[in-house]
1. With a Förster radius of 30 Å, plug the Cβ-Cβ distance of B:Leu88 and B:Ala172 into 1/(1 + (r/R0)^6) and report the FRET value to the nearest 0.05.
2. Averaged over its residues, how many other protein chain Cβ atoms are within 10 Å of peptide A:44-53's Cβ atoms?
3. Let me confirm one metric for peptide B:76-86, namely the mean number of other chain beta-carbon atoms within 10 Å of its residues' beta-carbons.
4. Taking Cα atoms, how many degrees apart are the long axis of helix B:125-145 and the longest axis of chain B, rounded to 10 and kept between 0 and 90?
5. Once both labels are modelled 7 Å past Cα along the beta-carbon direction, what's the B:Ala9-B:Glu206 spacing in nm?
6. Relative to the first principal axis of the alpha-carbon coordinates of chain B, what is the inclination of helix B:178-207, with its axis defined by its Cα atoms, in degrees from 0 to 90 and to the nearest 10?
7. With each pseudo-label sitting 7 Å past Cα toward Cβ, what's the A:Arg18-B:Phe145 distance in nm, one decimal?
8. When ranked by the protection proxy of mean other Cβ atoms within 10 Å per residue, highest first, what sequence do the peptides B:142-150, B:8-16 form?
Amino acid sequence: MAAGDAGREVRALLGLDRVVHEPARLAILTVLAEAESVEFRFLERVTGLTRGNLSSHASKLEEAEYIEVEKSFRGKVPVTSYRITAKGRAALEEYRRRMRVGLVGGTEE
Amino acid sequence: MTVRGAVVADLDRLSELTRHYARYSRSAAGLGSVLGGVCGLVSYFVGALVPLTLWSRLVLAALPLVWIVAKELLQRRYYQRYGRVEELEGAGERRLRVFLTGFVAVVSAVVVGFVLLRGSSAVAWWEAAGYVAFVAATPFLTWWFLRTPLEFIVGVFLLAQAAVVLGGGSYALGEQLQAPIGSAALVLVGLKEHWSYRRLERRLGEVGGGGR
């Protein structure tokens with residue numbers, strides 16, 4: 001790898017959003033970006049996270065205003081749904097752009 | 001493949017899986033489409049070929065409602081049983097839905113206005129009321145429940161047939177040919193969607209191993 005390429009990769013990595021960079025949160029945002037809203041149960045299944053972990057990561061994403069949480073009842077059963085915000089979508093797109101920059105040797109798609 | 005390459009590939013798979021599953025909240029009805037196609041064919045051929053009695057008219061009038069309720073139940077209870085995931089609606093899809101609903105709303109308003117202004121002594125009050133009720137409800141049902149062009153073709157036919165049979169008539173064989181063609185196509189589309197869901201279900205089973 002040329003020194004210039006390595007430098008570019010390092011800069012791309014250093015500029016990564018730490019909230020998004022955590023694998024569980026990245027997976028959550030990736031799922032939410034593909035739908036209007038997603039219920040907790042589906043996120044739990046496709047990410048393979050435990051309930052506690054998923055709630056904790058979702059709270060961090062909510063604090064960063066990357067997602068919105070909606071709590072409701074279906075009959076007597078509580079239902080939690082998540083929705084990605086415009087800020088969250090932008091952060092995810094930026095993160096994936098930076099990842100691709102490193103992957104394809106400094107060129108952007 | 002590098003670690004980052006693997007991560008990107010995993011994320012792409014996760015995106016694709018979510019999009020695929022989300023389709024079953026709106027644009028894919030699977031067995032609900034099959035049922036809609038069957039209802040469309042039954043309504044078309046029974047309406048055209050079978051002498052209408054009070055009971056057969058009530059059955060034909062009930063078909064669109066039975067289909068819509070069954071379709072919604074299947075989507076919510078079967079296809080989305082791993083948790084509700086609402087599909088994103090593209091700008092083009094929304095424009096098409098607005099256009100189709102708007103078109104139906106204009107036609108409905110003209111028909112209802114015409115019936116109310118002109119009145120009709122040829123049919124019983126409940127027949128006229130049933131006719132007007134179905135025509136007036138069609139734009140609302142179209143907006144909320146008929147989400148693809150094929151569902152629109154079949155659903156509007158079912159609702160129109162329901163109104164017409166309640167009003168004492170029915171469509172003759174050879175009229176409204178888009179209905180049997182659209183219904184047959186809806187059956188095929190529904191079967192394809194259902195098989196596609198069965199494959200998706202296996203993938204969801206694979207990723208659904210214990211939490212971490």
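Every read-out reported here was derived from the displayed coordinates using simple, explicitly stated rules and does not represent laboratory data. Predicted model only: the values in this text are computed from it and were never measured. Because the Cβ atoms are built from the backbone with ideal geometry, glycine has one as well, and the counts that use them run over all protein chains shown.
1. Once rounded, the FRET efficiency stands at 0.10.
2. Neighbouring Cβ atoms belonging to other protein chains average 4 per residue here.
3. 5
4. So the helix axis and the longest Cα principal axis differ by about 20 degrees.
5. 1.3
6. 30
7. In this crude spin-label approximation the distance works out to 5.3 nm.
8. So the peptides B:142-150, B:8-16, ranked by packing, come out B:142-150, B:8-16.
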